[in-house]
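Worksheet for the structure shown next.
The values are calculated or read from the model by the stated rules, or taken from the named source; none is laboratory data. Computed from a predicted structure; not experimentally measured. Glycine gets a Cβ as well: all are built from the backbone with ideal geometry, and neighbour counts include every protein chain shown. Remember, those area values only see protein heavy atoms, side chains included, never the ligands or the DNA or RNA. Shrake-Rupley method; radii C 1.70, N 1.55, O 1.52, S 1.80 Å.
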Amino acid sequence: MPRNYLHYLGFQLCMLFACTSCGSVVEREIDSVLSLSGNNRAELEAVLFHYDHDSIDELERDAADFLIANMKWHDTEVILPSTSADALEEIYSGIDSVIYINACRNVMEVRNDVADTDTLPEPITFSSHIVLDCQVLNSSLLIKQIENQFRLWKSKSDVTNVSFDDFCEYLLPYTSHTCPLLLPLQQRSLHDFLDSYKDDFEIQEFADSLDAFQKEFGFLFSRELRKLKYRTRYYIGCFDLAYNATLAFRMVGIPAALEMNIGYKHYEGKHYYCSVLKNGKWHRYSPMTRRDMDKEIDYIEKMGGMNLYRYTYSAQKNTPYTLRRKGEYIPMDFQTPCIKDVTNEVFNVVKLKFPITDNDNKLAYLATFNREEVTGWRPVTWGIIRRGTATFENVIPERLYVLLQYRSDGTPIFMGKPFYVTVEGGVNYIKEQSSMMRNVLLHRKFPYKIELRDKAMNLKNAMILGTDDSSFYKADTIGKFPSDIVPYYQDVVFDYNCSPYQYYRISTVDSTALSIAELQLLTKSKYCYNNTQPAALLPVCNPAEICTIQMDTVVQLMPQNSIGVLQDGKVLTYEKEKCRVDIQLKYPQHVTGIRFMPVNADNIIKPGQTYLLYGWDGNQWTLEKKQTAQYNYLQFDMCVGRLYWLRVEDDYLGGREESPFVVNEQGKIEFIYK
């Protein structure tokens with residue numbers, strides 16, 4: 001027999017085996033889903049029967065197989081009302097109106113009335129449980145979904161070049177994550193909006209319109225409303241917005257996926273956004289931020305984002321869920337096989353290897369600091385352990401990490417010292433010098449944010465005017481802001497002979513935003529005005545300043561007009577747009593100066609707050625000191641080179657950011673991230 005014929009026969013047998021194997025895998029997955037579907041099995045079998053017998057398009061049959069074979073990885077949150085369901089029906093009937101806008105307004109009025117009068121029946125409780133999609137989705141919905149998405153795939157010029165695999169993964173699916181099914185009103189309001197986008201359109205234009213839609217009707221899609229949690233304001237977070245956007249893009253024929261930024265290098269939280277596929281390239285879109293798609297990546301990089309994960313419909317092979325050994329614990333964010341690490345699409349990543357002595361697990365993780373986590377560390381990427389070495393493929397440089405594994409009960413086992421990865425992929429471990437102690441003054445728990453510092457500098461040389469003419473046609477310049485703006489209360493003192501005025505104006509010199517968080521007009525207490533309150537205290541930043549503290553002889557004058565966020569007592573709110581503020585007093589009064597706080601993140605040490613100082617002991621953060629601040633600093637004896645974390649005991653009283661730091665030989669703190 002000719003040699004090349006044998007090669008040909010061998011090739012054909014391999015291909016036959018591969019195809020048979022592939023087909024059998026899909027069939028086994030479908031059988032698995034059918035066995036899980038319970039009373040809903042007939043609905044899924046009806047879909048399979050339809051595409052086996054009534055459809056002439058083989059790809060449609062393959063798509064139906066794909067959709068059902070992977071359905072066991074997806075579930076739905078089912079929300080059921082308690083015995084107070086009549087109240088729920090009353091509200092939903094109110095919003096289930098022909099005129100959507102009026103209906104929405106009616107619902108908001110009802111919610112406000114309930115909040116004001118406390119007439120809501122008690123208790124209103126809801127049970128929420130998760131069910132597999134294969135147990136609740138009916139055949140008509142699935143067939144309609146398949147046919148509609150095929151029609152879009154074949155008719156839309158933007159997606160005709162999308163591969164069948166990408167179509168199945170990012171255009172065909174009816175879901176992108178666990179979420180409650182849409183209510184009838186939600187479906188209709190969304191479809192009404194999407195009807196105007198049947199023809200070709202620009203993706204950015206659609207994204208902008210979708211933002212406006214979610215801003216107007218967003219509360220209809222808030223899970224808080226579905227659970228009837230009445231509030232005068234509803235909350236819809238980045239997950240809901242991104243999830244809705246992903247479905248909306250798919251419904252108009254644009255392949256889209258829900259993506260997650262698993263964390264930040266020194267900020268808390270995580271972020272969900274929508275990513276759309278056009279001309280073979282993914283464009284990130286974060287709803288309601290008013291950022292163009294192509295600028296979303298710049299924002300993620302600027303914020304120090306960590307690894308990025310795309311949610312898929314089918315199970316992926318290279319995930320902790322599929323790679324783990326039996327019984328091995330997986331961190332919460334990785335407890336699904338339907339994720340794909342796409343960090344290298346945005347960030348430069350490096351490959352790192354670490355020796356692992358404990359080989360019971362197949363996986364190890366790198367975690368970065370995150371104050372939200374109980375341990376203070378959030379796992380952000382995984383590595384596969386082979387022959388005593390853990391290999392991590394997607395490590396973002398210029399980040400602080402610690403290596404860890406998990407016991408079967410979920411207890412983390414930290415391995416070695418935290419380390420910083422350089423741009424080139426070098427590993428610099430935090431080196432503690434336990435024999436060297438320094439007496440240290442702490443003034444902040446997080447670095448002064450550069451972007452806020454730059455905004456505060458808008459106040460440099462800002463002018464202060466006084467007049468008795470409300471039009472300010474004739475006004476005297478009575479003061480000027482300093483060139484050195486610090487993130488504390490500070491004074492601008494006027495000339496001693498300054499005349500009394502009824503109207504005062506503060507304006508920047510170049511029409512930039514004022515960027516003032518708090519503002520107070522000062523006067524001498526000796527004037528005995530009846531429209532005064534105590535003034536805010538000036539900072540005391542070191543022990544030497546304590547002896548210079550004097551009884552404050554000034555008080556703040558309360559204006560007749562409202563100056564909004566500039567006098568709300570909240571440092572985290574500030575004037576973002578106006579370049580000037582006008583202040584009206586009851587009558588001409590002596591103002592001796594102003595006391596102001598520039599925009600900042602409120603992460604300074606504040607008198608009266610209690611702080612907790614933790615040190616890293618190799619396996620956990622250990623509480624070393626607890627101190628209530630008397631002034632704007634804390635004073636501790638600290639170890640040079642050790643990794644520390646300063647927490648505020650009650651984080652509802654100011655800025656929430658916190659960052660690890662070390663103490664250098666000069667007794668100064670160095671935050672890990674500048």
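Once neighbouring chains are kept in place and the probe is 1.4 Å, which whole percent of the accessible area of the stretch 331-375 is contributed by carbon and sulfur? Can you show the working numbers first?
Working: 950 of 2080 Å².
Whole-percent figure for carbon plus sulfur exposure: 46.
Quick one: pull the percent of accessible area on the stretch 526-674 belonging to carbon and sulfur, 1.4 Å probe, ligands and nucleic acids left out. Numbers along the way, then the final one.
Numbers: 3730 of 7480 Å².
Percent of accessible area from carbon and sulfur atoms in the stretch 526-674: 50.
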Item to complete: Compute the separation of the alpha-carbon centres of the stretch 617-653 and the stretch 458-490 and state it in Å as a whole number.
Response: 39 Å
Practice prompt. Within the stretch 254-298, find all residues whose amide N lies under 15 Å from a label point positioned 7 Å from the Cα of F201 along Cα-to-beta-carbon.
Written response: 254-255
Worksheet item: What list of ³J(HN,Hα) couplings, whole Hz, do you get for the stretch 367-374 from phi and the Karplus terms 6.51, -1.76, 1.60, once you set θ to phi - 60° and write x for glycine and proline?
Response: 10, 10, 4, 7, 5, 6, 7, 4
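What ranking do 144-155, 591-602, 524-535, 540-551 get when scored by the average of other Cβ atoms within 10 Å per residue, highest first?
The peptides rank, most packed first, as 591-602, 144-155, 524-535, 540-551.
For L612 and E424 in the same chain, what is the full-extension length gain: residue separation times 0.36 nm, less their Cα-Cα distance, in nm?
Values: separation 188, 0.36 × 188 = 67.68 nm, distance 3.52 nm.
Here the answer is 64.2 nm.
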Discussion item. Need the list of lysines near K295 for cross-linking: C-alpha distance under 25 angstrom, and skip anything on the same chain fewer than eight residues off.
Written reply: K215, K265, K270, K278, K281, K340, K449, K455, K576, K674
Discussion item. For K586, what residues show an amide H to amide H distance below 5 Å, using hydrogens built from the backbone and excluding near sequence neighbours?
Written reply: Q560
Practice prompt. Taking 7 Å along the Cα-to-C-beta vector as the label spot, tell me the V131-V509 distance in nanometres, rounded to one decimal.
Written response: 6.9 nm
Discussion item. Below 13 angstrom from the Cβ of Q316, what's the summed charge of the other residues (Lys, Arg +1; Asp, Glu -1)?
Written reply: 0
Discussion item. Taking the full set of protein chains and a 1.4 angstrom probe, give the accessible area of S196 in square angstrom, rounded to the nearest 10.
Written reply: 90 Å²
Worksheet item: What are the ³J(HN,Hα) values, in whole Hz, obtained from phi via the Karplus relation 6.51 cos²θ - 1.76 cosθ + 1.60 with θ = phi - 60°, for each residue of the stretch 509-521 in sequence order, with x given for Gly and Pro?
Response: 7, 10, 6, 7, 4, 4, 6, 9, 8, 9, 9, 9, 7
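Where does each of T512, T368 land when they are ordered by accessible area, with a 1.4 Å probe and the largest first?
T512, T368
Calculate, for the stretch 374-489, the solvent-accessible area per residue in square angstrom, rolling a 1.4 angstrom probe over the heavy atoms of the protein chains. Can you show the working numbers first?
Working: 5710 Å² over 116 residues.
That works out to 49 Å² for each residue.
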Fill in: Residues Y527 and Q666, FRET efficiency given R0 of 60 Å [Cβ-Cβ distance, rounded to 0.05]
0.80
Item to complete: Give, in nm to one decimal, the length gained when the segment between K460 and A212 is fully stretched (0.36 nm per residue of separation minus the Cα-Cα distance).
Response: 85.6 nm
Discussion item. Please compute the length gained on full extension between H191 and E393, using 0.36 nm multiplied by the number of residues separating them and subtracting their Cα-Cα distance.
Written reply: 68.5 nm
Item to complete: Could you please report the charge total around Y174, scoring K, R as +1 and D, E as -1 over all other residues with beta-carbon less than 11 angstrom from its beta-carbon?
Response: +1
Discussion item. Quick check for you: which residues of the stretch 625-658 have the amide N under 13 Å from the point 7 Å beyond the Cα of R438 toward its beta carbon?
Written reply: 636-644
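Of the listed peptides 134-141, 254-261, what is their order by residue-averaged count of other C-beta atoms within 10 Å, with the highest listed first? Let's see the in-between values first.
Values: 134-141: 17.2, 254-261: 24.6.
Top of the packing list down: 254-261, 134-141.
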Worksheet, complete the sentence: Set K417/K625; K302/K351; K326/K417; K480/K578, cut-off 24 Å on Cα-Cα distance; pairs above it are K326/K417
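Quick one: net charge around Q589, please, counting Lys, Arg +1 and Asp, Glu -1 for every other residue with C-beta under 14 Å from its C-beta.
Numbers: positive: K524, K526, K586; negative: D468.
Within the 14 Å Cβ shell, the charges total +2.
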Fill in: Vicinal HN-Hα couplings computed from phi for the stretch 262-271 (Karplus, 6.51 cos²θ - 1.76 cosθ + 1.60; Hz; Gly/Pro x)
5, x, 10, 5, 8, 9, 7, x, 9, 9
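Using heavy-atom solvent-accessible surface (probe 1.4 Å) with all chains present, what is the largest-first order of V395, V423? All intermediate terms of the calculation are to be shown ahead of the outcome.
On the way: V395 0, V423 80 Å².
The ranking, largest first, comes out as V423, V395.
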Worksheet, complete the sentence: Note to self: with every protein chain in place and a 1.4 Å probe, the stretch 584-634 gives an accessible area per residue in Å² of 37 Å²
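Over the stretch 235-274, average the accessible area per residue using a 1.4 Å probe and give it in Å², no decimals. Intermediate results must be reported in sequence, preceding the final value.
Details: 750 Å² over 40 residues.
Value for the stretch 235-274: 19 Å² per residue.
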